[in-house]
Amino acid sequence: MHVNELGQPVGRPLPGWTPRAAPDAAVLTGSYCRLERLDPERHAAELYDADRLDTHGESWTYLPYGPYASLDDYRKWTEDASACADPRFYAVVTTDPADGEPRAAGVLSLMRIQPEAGVIEVGNVHYSPLLQRRRAATEAQYLLARYVFDDLGYRRLEWKCDALNAPSRAAAERLGFRYEGTFRQAVVVRGRNRDTAWYAIVDEEWPAVRDRYTAWLRPDNFDDRARQRSPLRAGD
């Protein structure tokens, strides 16, 4: 325990700490996907076509926007989203030969960016059926986390979701985030109450989490049908 000159308990010192840079990478490249800054001209049509494969719109349930009835409507959303510095949106472009020709198949963002505290959140995750349960979907999260911790030097990466969103909660835990609690009646989304579940990875946990990612993403962890041999999280 650390104490100040009055004998009161205080947080541990952070000698040499300085605010971190805001995320500005244009491209983050992996083995199975590439994250590109969201660009309406390059990505809107492919993303819209990919999203239409979700014929029931289930992937939009817990987001405050979408689905979109036309390409024009979706393009307008990408224009607004791509103009923001926070959230900073990226398109997930698949490059895995097992997933066919390269194409934009999902989006995610870095948001609630706090350079002075070294805290940032991954959010607005929307994967089309072309990306769901693919290697590229996991690698996209790894590329963002590696960028946040290793390149930018942030101290904390957060994941928040509707407490009723069981797939998102399971994904957070599989990806190495730790559950920290639920904020009751946190926001109103689509005219409904939302309790928000909070998860996070902090910098001292990141090396072990990174090692799990890199082991899972190795080509020899997959058979000739791109099925995993060993899971990312023990017990899966």
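Some observations on this one:
- Take the stretch 133-236 with all the other protein chains still there, run a 1.4 Å probe, and you get 55 Å² of accessible area per residue.
- Positive end of the dipole of the chain (Cβ unit charges, origin at the Cα centre): among Ala22, Leu47, Asn4, the Cα lying farthest that way belongs to Asn4.
- Temperature 4 °C, viscosity 1.567 mPa s: under these conditions the Stokes-Einstein estimate for the stretch 141-236, based on its Kirkwood radius over C-alpha pairs, is 87 µm² per second.
- Residue-normalised accessible area of the stretch 1-92, expressed per residue, 1.4 Å probe, Å²: 60 Å²
- Mean Cα-pair separation over length for the chain, i.e. relative contact order, pairs under 8 Å, 6 or more apart, %: 16 percent
- Accessible-area composition of the stretch 142-236, carbon plus sulfur, in percent [1.4 Å probe]: 47 percent
- Sparse-neighbourhood loop sites, trypsin sites (Lys or Arg not before Pro) in the stretch 99-161 - DSSP loop, at most 11 other Cβ within 10 angstrom: Arg133
- Gyration tensor verdict on the stretch 12-61 (Cα atoms; rounded if a/c is under 1.5, prolate if a/b is larger than b/c, oblate otherwise): prolate
- Working from label points 7 Å from Cα in the Cα-to-Cβ sense, the Phe183 to Gln132 distance is 2.7 nm.
- Cα shape, the stretch 187-230, gyration tensor, a/c 1.5 rule: oblate
- The distance linking the stretch 104-128 with the stretch 201-226 is 20 Å (Cα centroid to Cα centroid, whole angstrom).
- Out of every Cα-Cα pair that the chain contains, those further apart than 33 angstrom amount to 19 percent.
- Relative frequency of Cα-Cα separations exceeding 16 Å in the stretch 114-195, percent: 59 percent
- Carbon and sulfur %, accessible surface of the stretch 44-88 computed with the full protein complex present, 1.4 Å: 50 percent
The values are calculated or read from the model by the stated rules, or taken from the named source; none is laboratory data. None of these values were measured; they are calculated from a predicted model. Virtual Cβ from ideal backbone geometry, glycine too; neighbours counted across all protein chains shown. Just so you know, the surface numbers come from the protein's heavy atoms only, side chains and all, with ligands and any DNA or RNA stripped out. Shrake-Rupley method; radii C 1.70, N 1.55, O 1.52, S 1.80 Å.
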